[in-house]
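The values are calculated or read from the model by the stated rules, or taken from the named source; none is laboratory data. Since we're looking at a predicted model, the values are computed, not measured. Neighbour counts run over all protein chains shown; Cβ positions are idealised from the backbone, glycine included. In case anyone asks, the SASA skips ligands and DNA or RNA and just uses the protein heavy atoms, side chains included. Shrake-Rupley method; radii C 1.70, N 1.55, O 1.52, S 1.80 Å.
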Amino acid sequence: MKTKFFNFVMPMAVVALGLAGAMSTNAMNEGAKDVAPVMGWKHVSGANPCQAVQECSNSGNFSCTAPDGAQLYAKPISTCLIPLQRNQQ
């Protein structure tokens with residue numbers, strides 16, 4: 001009776017432990033995406049409309065700006081359209 005019980009319960013316990021570990025790892029990875037720095041791009045004229053300037057935290061209430069005061073943007077594809085934010089002024 002004990003061997004039947006252990007043969008049935010132990011594999012289920014191992015699977016449950018594995019699923020719990022996978023879900024916690026996935027939750028940690030999703031949280032890391034929110035705080036990772038994003039490259040800030042500045043609008044320029046010419047063949048390449050965006051120029052990489054500096055990284056922005058992209059969280060907070062202040063605009064992420066270049067040293068010359070220009071607003072920095074995220075570059076999803078080929079144009080830089082999404083304004084970036086930062087934590088400090």
Relative packing of 43-55, 8-20, which averages over residues the other C-beta atoms within 10 Å, highest first: 43-55, 8-20
Where the accessible area of segment 42-87 is counted over protein heavy atoms with a 1.4 Å probe, how much of it, in %, is carbon and sulfur? 51 percent
In nanometres, what is the gap between the two model label sites at Val9 and Gln71, each 7 Å from Cα along Cα-to-Cβ? 6.2 nm
Sorted by chain and number, the residues with a modelled amide H under 5 Å from that of Gln54, at a separation of 5 or more or across chains, are Gly40
